[in-house]
Amino acid sequence: ILQVSSKVKSSPTWYSASSFSSSVPTVKLFIGGKFVESKSDKWIDIHNPATNEVIGRVPQATKAEMDAAIASCKRAFPAWADTSVLSRQQVLLRYQQLIKENLKEIAKLITLEQGKTLADAEGDVFRGLQVVEHACSVTSLMMGETMPSITKDMDLYSYRLPLGVCAGIAPFNFPAMIPLWMFPMAMVCGNTFLMKPSERVPGATMLLAKLLQDSGAPDGTLNIIHGQHEAVNFICDHPDIKAISFVGSNKAGEYIFERGSRHGKRVQANMGAKNHGVVMPDANKENTLNQLVGAAFGAAGQRCMALSTAVLVGEAKKWLPELVEHAKNLRVNAGDQPGADLGPLITPQAKERVCNLIDSGTKEGASILLDGRKIKVKGYENGNFVGPTIISNVKPNMTCYKEEIFGPVLVVLETETLDEAIQIVNNNPYGNGTAIFTTNGATARKYAHLVDVGQVGVNVPIPVPLPMFSFTGSRSSFRGDTNFYGKQGIQFYTQLKTITSQWKEEDATLSSPAVVMPT
Ligand code: NAD
């Protein structure tokens, strides 16, 4: 199985061989530009999901360490906010180059800690890199507005200014991409940032922090703490934090949105999903089946944009046997093994949860057409593997339909018409993503207009917008009012200051106070 590469292993900075009682490496904190060993007495094991071996330990940062991290962010803010926008852009330009040069190294860490295949892990880094590249356009994105001659000798203009210290809380499923949605966008606007990566996959964030430092980001502009609930509460409550970016489950997201908002912060929370792929009988069959299978089972279904629900309309229901054949061809293996199509789930608990949801389908009257529960992967018998699973005859009131499964499970519903399909999708509380497969433009257009979901693919199974747009999940998949990245991301991390300015050429002294509203 993949080992931490020699380059990574020998690094004394961020993922170090430990002075801890065991020989397991420990993940450091990043405070004031230094990678420091935590003094915590509470540590969490990091497992390789393909073997369940302990590969590292991550601390739950102490209160003093979290205070030091936030003080560092606060100290660094005035000078960073005052740094010219061109200098901040230069840091990001160097950063995107360093990420490209280290892409494979970051991907290896992702596979080791998260389990996804190396090719998919490279995609994880690449999609984050695109946000960094987008952030390099700050010189246009951060422009304010102007309106000259609003009245005689008077001009009106606005600036976009940073907020101060911002914070990010990330999930386990995209260890590079999601942190990269957060701190590069915030920092290029002149904010400083406190990042809390997922405690299950901290490695990629630590390497990304090292690369940012190497790109010239001043000490204290990015700080990293680790932990779970205490760290999250600290972020929600701390008066010096002005905005929180969260990505993860609904349970955590709703809690963080409410607690953070109560403390007067801006909060954006991207959360769970149940994404439907509507298959029309006029679709290109081979493309559609391949796209469905790739989007349902890729990353072992652990993507918020996984296409986890198929709605087969009319004659398209006859394609079910072929769908099963396509899914059977996928190879399940440890993520670093050549030819692996999908790797393990993140934890044994996640595996148990997914298997229980499959069980619930049988109990509630659905049919299991392909069952991945008993899969054994040679050489990785202790891994958290579930093979591709397809459940048909699913009805909207069944547990396997109502819950986000977050595993390699495709649930299949059938309808007679497009209108019924739209009704099903719109009745589901989540609004993250959806796709329609059809060769009819009018059908596609109707679907895109009537479906109440924030991101729609037309013959595109995972319609995650590129970073010049924003990630626009809606309804129960999002709390807040300003989305991640794109123009919205810049809006989230800045505040407007509007200046009304009057310069008269001639001296025109007022003869009396102006006591009425100017008209
Ligand atoms: P999670 O909510 O368990 O963890 C996310 C973060 O919140 C972690 O940093 C964790 O330490 C913290 N956390 C966990 N439980 C908490 C609690 N009860 N109170 C406070 N903080 C808590 O999510 P996960 O399992 O890491 O990620 C999977 C979930 O994330 C799925 O629901 C998936 O759909 C969602 N997700 C959404 C998007 C999106 O953009 N909409 C993207 C990726 C993942």
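Throughout, read-outs are computed from the coordinates displayed, never taken from laboratory work. Being a predicted model, the structure only gives us computed values, none of them experimental. So basically every Cβ, Gly included, is an ideal-geometry build from the backbone, and we count neighbours across all protein chains shown.
Some notes on this structure:
- nm² value of the averaged projected area, convex hull over the Cα atoms of the range 379-519: 18.6
- Protection proxy ranking of 318-327, 26-35 - average other beta-carbon atoms within 10 Å, highest first: 26-35, 318-327
- Size of charge dipole - the chain - debye, nearest 20, with Cβ of Lys, Arg +1 and Asp, Glu -1, no other charges: 740
- Selection from 119, 99, 69 lying farthest towards where the dipole of the range 59-156 points positive, charges on Cβ: 69
- Computed from the Cβ-Cβ distance with R0 of 51 Å, the FRET efficiency linking residue 402 to residue 516 stands at 0.25.
- Working ranking of peptides 105-113, 414-422 by packing, defined as the average number of other Cβ atoms within 10 Å per residue, highest first, is 105-113, 414-422.
- Taking 7 Å steps out from each Cα toward its Cβ at residue 417 and residue 100 produces label points 5.2 nm apart.
- The chain: relative contact order as a whole-number percent, Cα under 8 Å and 6+ apart: 17
- For the Cα trace of the range 120-202, dividing Rg by the Kirkwood Rh returns an Rg/Rh value of 1.19.
- Packing, taken as the mean count of other beta carbons within 10 Å per residue, orders the peptides 441-448, 492-499 from highest to lowest as 492-499, 441-448.
- Estimated FRET transfer efficiency when R0 is 25 angstrom, pair residue 286-residue 331 (beta carbons, to 0.05): 0.80
- For the pair residue 466 and residue 37, label points projected 7 Å from Cα toward Cβ lie 4.7 nm apart.
- Cβ-derived FRET efficiency at R0 30 Å, residue 147 paired with residue 509, nearest 0.05: 0.70
- Scaling the Cα radius of gyration of the range 288-358 by the globular reference 2.2 N^0.38 Å produces a ratio of 1.20.
- Amide N proximity, the range 428-448 versus residue 458 label position 7 Å along Cα-to-Cβ, cut-off under 20 Å: 432-448
- Cα long-axis angle, helix 118-135 against the chain (0 to 90 degrees, to the nearest 10): 20
- Here the simple spin-label model places points 7 Å from the Cα toward Cβ, and for residue 126 and residue 322 these points are separated by 2.8 nm.
- Working note: Cα gyration tensor of the chain, eigenvalues times five, square-rooted, sorted largest first, giving semi-axes of 42, 32, 19 Å.
- Degrees separating the helix 85-101 axis from the principal Cα axis of the chain, which is the longest one: 20
- The range 351-426: relative contact order in percent, alpha carbon pairs under 8 Å with at least 6 residues between: 30
- Axis of helix 348-363 versus longest Cα principal axis of the chain: the two differ by about 60°, to the nearest ten degrees.
- The share of Cα pairs per 5 Å bin across the range 308-460, counted from zero up to the longest distance, runs 2, 9, 17, 19, 19, 16, 11, 6, 2, 0, 0 percent.
- More than 13 Å apart - percent of Cα-Cα pairs taken over the range 204-251: 69
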